[in-house]
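S.K.: Pasting in a structure now, in structure tokens, and then I'll have a few things to ask.
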Amino acid sequence: MAESDPQISAETAGATDEVVEAELEHSEEERASIRAQRLGKVAALREQGVNPYPYRFDRDRTISELREEYGSLEAGEEVEVSVRLAGRLMLKRDQGRLTFGQLRDRSGEVQLFVSAGVIGKEELAAFNDLDRGDWIGVRGTVMVTKKGELSVKVASFELLSKALRPLPDKWKGLADVDARYRQRYVDLTVNSDARRVFEIRFAAVDSIRRELASRGFLEVETPLLHLQQGGATARPFITHYNALSMDTYLRIALELPLKRLLVGGLERVFEIGRVFRNEGIDTRHNPEFTMLEAYEAFADYSEMMDLTELLVSQAALAATGSMVVTVRDVQIDLAPSWRRVSMVDLISETLGVEIHPSMPIEQARKILDGLGLTYKPTWGSGRCTHEVYDELVEHTVIAPTIVFDHPRETSPLAKPHRHDHSLVERFEVIVDGRELANAYSELNDPVEQLARFRDEADLKAAGDPEAGDVDLDYIRALEFAMPPAGGLGIGIDRLIMLLAGVESIREVILFPTLRPEAGLSDADFPSA
């Protein structure tokens, strides 16, 4: 090598980065000053005939591909192979006639070795004038430093996009949690854990798609705007459709359109899509979130149990390399087969209380009184049973558990249990005290479905904003005959929370819902 080798590694470079703003918590005045300096650099480049925002750059490999191809080189070895990489400049250290940098693309990071002996003093000075956060393209040869760091000896470089604002401190990242979610583009740049979470998300969703496709399920798209409120019990968002002069609902579930496709003979369908519920925001709830719903003709809820175990366990394996996840230092094994227990048996086992949807309402109310739970006069024994489970039992379940045979009263779209008509063939999957999945043997009797829709409409008329409407078109579809079927819904965001071991749903949604940002104005964007 033409230069000495004052090695700088990815782990140590940040502590001595020459770009001073990387080490500071900036005040508003400092940020404005840095932005003005960088706008000055942009103007100077344009005066020199250099476009600081060129149209494209032809790279020939990613950084991970570079590492895969040349990772076996020995310390001090160099190959005369020219490579073209592009990414964001994350670190930079000037050592006189030699500058080290760190380049990052989506796939990884690599060290840049920039010397005056290779590119000349003027080009080295131009490289040193780059800022942390700039996107650049580089051309050079592959080498490994004496300390074993795979590097690119830069022969030329090109500014691809000038960063006008300084990145946060490499070690501290964005200290303000709301700022992390609001400026996810910055969070992903400086926070390796945020990148890890979303890599898990993308891998898990891809695994689910592949597993369903391999079993003959067709991925479809259904409308986001619905004429009726249905498919789940939730408060909807309402919007106005000007062309038809009518209100419509943002969908609260994917269910009813997908089951119409079963009527049409598609037999196995699924959708991974956004749904919207006009409810509170907390660590487990966001007004818009992602659901998987899948429907299989000629199956019932027992097949859905097997399918749920498969999809979740394989998603964990694909995303994390293991079916064992760690939540708050507790290891949870997602490998099949999971425990299966009825709701009434789980209540009895947990609380020592015998309650059942078929019992007289007075007896059910007495049990709730004894447990310190309140109830509404309109509730039957089934709703009372579900309240006991929701409030006192569900949160105690840690290992993946299929809780089956729910009250008929709380499940308007599920098929009556074949042996006990106070129940339905429905189950939920509970992991770490949270509902992860919900599934049924699907109700396909149009007469009974219409009666249940009318019961829901009565509740809505009585003031329940979460109750559904009578969807007459869906009833008409059922009258053309829907085959027996099993249906499954999995909350994708909660699944990713589990796999990534995070406690807030905002950590797994790229752009979670937030209050409008106070104070941001046109005055924050002065021109040069």
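S.K.: Taking the options PRO377, PRO412, PRO416, name whichever one is over 22 Å from GLU349 (Cβ atoms) and not assigned by TED's automatic domain parsing to the domain that holds ILE475. It would help to see each step written out before you state the result.
M.R.: Details: PRO412 fails: not assigned by TED's automatic domain parsing to the domain that holds ILE475; PRO416 fails: not assigned by TED's automatic domain parsing to the domain that holds ILE475.
Result of the check over PRO377, PRO412, PRO416: PRO377.
S.K.: Of all residues in region 232-248, how many are among the hydrophobic types (A, V, I, L, M, F, W, C) and exposed (fewer than 10 other Cβ atoms within 10 Å of the Cβ)?
M.R.: 3
S.K.: Would you confirm, using the coordinates I've provided, whether LEU472 is more than 26 Å from ILE281 (Cβ to Cβ), at pLDDT 90 or above and either not assigned by TED's automatic domain parsing to the domain that holds THR410 or not small (Gly, Ala, Ser) (or both)?
M.R.: On the way: more than 26 Å from ILE281 (Cβ to Cβ): yes; at pLDDT 90 or above: yes; either not assigned by TED's automatic domain parsing to the domain that holds THR410 or not small (Gly, Ala, Ser) (or both): yes.
So LEU472 fits the description; yes.
S.K.: Quick check on my filter: what residues within region 429-478 are basic (Lys, Arg) and within 30 Å of ILE505 (Cβ to Cβ)? Write out each step before concluding.
M.R.: Within region 429-478, the first condition is being basic (Lys, Arg), and the residues that meet it are 434, 452, 454, 460, 476.
Passing the criteria: ARG434, LYS460.
S.K.: All but one of (1) within 20 Å of LEU498 (Cα to Cα); (2) in contact with a Pro (Cβ under 8 Å, 6 or more places away or on another chain); (3) small (Gly, Ala, Ser) hold for ALA316; which doesn't?
M.R.: Evaluating ALA316 over (1) within 20 Å of LEU498 (Cα to Cα); (2) in contact with a Pro (Cβ under 8 Å, 6 or more places away or on another chain); (3) small (Gly, Ala, Ser) leaves (2) as the failure.
S.K.: Then there's this: Which condition breaks for VAL344 when tested against (1) more than 30 Å from ALA462 (Cβ to Cβ); (2) over 32 Å from the mean Cα position of the chain (by Cα)?
M.R.: (1)
S.K.: While we're on this one: Can you tell me which residue in region 37-91 is nearest to the chain's Cα centre (by Cα), limited to those that are among the hydrophobic types (A, V, I, L, M, F, W, C) and in a loop (DSSP other than H, G, I, E, B)? Give the derivation first.
M.R.: Residues of region 37-91 among the hydrophobic types (A, V, I, L, M, F, W, C): 39, 42-45, 50, 57, 63, 66, 73, 75, 79, 81, 83, 85-86, 89-91.
After this cut, where a residue has to be in a loop (DSSP other than H, G, I, E, B) as well, the list is 50, 57, 73, 75.
Numbers: VAL50: 39, PHE57: 30, LEU73: 37, ALA75: 40 Å.
Among them, the one singled out is PHE57.
S.K.: Restricting to region 123-158, name every residue that is touching a Lys or Arg at 6+ places or on another chain (Cβ under 8 Å) and surrounded by fewer than 16 Cβ atoms within 10 Å (Cβ to Cβ).
M.R.: If the condition is that a residue be touching a Lys or Arg at 6+ places or on another chain (Cβ under 8 Å) and surrounded by fewer than 16 Cβ atoms within 10 Å (Cβ to Cβ), then ASN128, ASP129, ALA155, SER156 are the ones that fit.
S.K.: Further question: Exactly one of these conditions fails for VAL83: (1) within 22 Å of LEU164 (Cα to Cα); (2) touching a strand residue (DSSP E or B) at 6+ places or on another chain (Cβ under 9 Å). Give me its number.
M.R.: Status for VAL83: all satisfied but (1).
S.K.: Another question, if that's okay. Restricting to region 229-250, count the residues that are in contact (Cβ under 8 Å) with a residue 60 or more places away in the chain and touching a Pro at 6+ places or on another chain (Cβ under 7 Å).
M.R.: 2
S.K.: Working carefully through the options GLY352, GLY370, find the one that is at pLDDT 95 or above and at positive phi. It would help to see each step written out before you state the result.
M.R.: Values: GLY370 fails: at positive phi.
So the residue among GLY352, GLY370 that is at pLDDT 95 or above and at positive phi is GLY352.
S.K.: Scan (1) more than 22 Å from the chain's Cα centre (by Cα); (2) surrounded by 16 or more Cβ atoms within 10 Å (Cβ to Cβ) for the single condition ALA253 breaks and write down its number.
M.R.: Here ALA253 meets the rest and fails (1).
S.K.: Then there's this: Working carefully through the options SER441, SER381, find the one that is touching a strand residue (DSSP E or B) at 6+ places or on another chain (Cβ under 7 Å), of a type in the set (S, T, N, Q) and either free of Cβ contacts under 8 Å to residues at least 12 places away in the same chain or buried (at least 16 other Cβ atoms within 10 Å of the Cβ) (or both). Spell out the reasoning first.
M.R.: Working: SER381 fails: touching a strand residue (DSSP E or B) at 6+ places or on another chain (Cβ under 7 Å).
Just one listed residue meets the conditions, SER441.
S.K.: Can you name the number of the only condition in (1) touching a helix residue (DSSP H, G or I) at 6+ places or on another chain (Cβ under 6 Å); (2) in a loop (DSSP other than H, G, I, E, B) that LYS147 fails?
M.R.: It fails just one condition, (1).
S.K.: When only residues in region 389-429 that are touching a residue at least 40 places away in the same chain (Cβ under 8 Å) and more than 31 Å from the chain's Cα centre (by Cα) count, which is surrounded by the fewest Cβ atoms within 10 Å (Cβ to Cβ)?
M.R.: Checked region 389-429; the qualifying residue surrounded by the fewest Cβ atoms within 10 Å (Cβ to Cβ) is ASP420.
S.K.: Under 24 Å from VAL50 (Cβ atoms), in a loop (DSSP other than H, G, I, E, B), in the same structural domain as ASP58 (by TED's automatic domain parsing) and hydrophobic (A, V, I, L, M, F, W, C), is that true of LEU112? Give the derivation first.
M.R.: Details: under 24 Å from VAL50 (Cβ atoms): yes; in a loop (DSSP other than H, G, I, E, B): no; in the same structural domain as ASP58 (by TED's automatic domain parsing): yes; hydrophobic (A, V, I, L, M, F, W, C): yes.
Taking the combined requirement at face value, the residue does not satisfy it.
S.K.: List every residue pair whose Cβ atoms lie under 6 Å apart, where the two residues are 6 or more positions apart in sequence or sit on different chains, the first residue falls within region 90-103 and is in contact (Cβ under 8 Å) with a residue 12 or more places away in the chain, and the second residue, located anywhere, is assigned to a strand (DSSP E or B) and among the hydrophobic types (A, V, I, L, M, F, W, C).
M.R.: As it stands, the answer is ARG93/PHE100; THR99/VAL114; GLY101/LEU89; GLY101/LEU112; GLN102/MET90; GLN102/LEU91; LEU103/VAL110; LEU103/LEU112, since those pairs meet every condition given.
S.K.: Let me ask another. Given the criteria of a type in the set (D, E, K, R), modelled with pLDDT of 90 or more and closer than 23 Å to MET305 by Cβ, does GLU435 qualify?
M.R.: Values: of a type in the set (D, E, K, R): yes; modelled with pLDDT of 90 or more: yes; closer than 23 Å to MET305 by Cβ: yes.
The answer is yes for GLU435.
S.K.: Scanning region 259-284 for residues that are of a type in the set (A, V, I, L, M, F, W, C) and part of a loop (DSSP other than H, G, I, E, B), which turns out farthest from MET497 (Cα to Cα)?
M.R.: Let us first name the residues in region 259-284 that are of a type in the set (A, V, I, L, M, F, W, C), namely 261-263, 266, 269-270, 272, 275-276, 281.
Retained after the next criterion (residues that are part of a loop (DSSP other than H, G, I, E, B)): 266, 281.
Numbers: LEU266: 32, ILE281: 16 Å.
That would be LEU266.
S.K.: Being among the hydrophobic types (A, V, I, L, M, F, W, C), modelled with pLDDT of 95 or more and buried (at least 20 other Cβ atoms within 10 Å of the Cβ) narrows it down to one of ALA485, ALA467, so name that one. Walk me through it before giving the result.
M.R.: On the way: ALA467 fails: modelled with pLDDT of 95 or more.
When all the criteria are applied, what remains is ALA485.
S.K.: Where residues in region 495-528 are part of a helix (DSSP H, G or I) and at pLDDT below 85, which of them is surrounded by the most Cβ atoms within 10 Å (Cβ to Cβ)? Give the derivation first.
M.R.: So the first thing to find is which residues in region 495-528 are part of a helix (DSSP H, G or I), and the list is 495-500, 505-507, 522-524.
Of the ones still in play, those that are also at pLDDT below 85 are 523-524.
Working: ALA523: 7, ASP524: 11.
Going through the qualifying residues, I end up with ASP524.
S.K.: Here's another thing I want to ask about it. Filter region 216-249 for residues that are of a type in the set (A, V, I, L, M) and outside any loop (DSSP other than H, G, I, E, B) and give the result. Before you say what the answer is, go through the steps one by one.
M.R.: Our first condition is that a residue be of a type in the set (A, V, I, L, M); within region 216-249, this holds for 218, 220, 224-225, 227, 232, 234, 238, 243-244, 246.
Residues satisfying the conditions are LEU218, LEU225, ILE238, MET246.
The values are calculated or read from the model by the stated rules, or taken from the named source; none is laboratory data. Being a predicted model, the structure only gives us computed values, none of them experimental. No Cβ is skipped: glycine too gets one built from the backbone with ideal geometry, and neighbour counts run over all protein chains shown.
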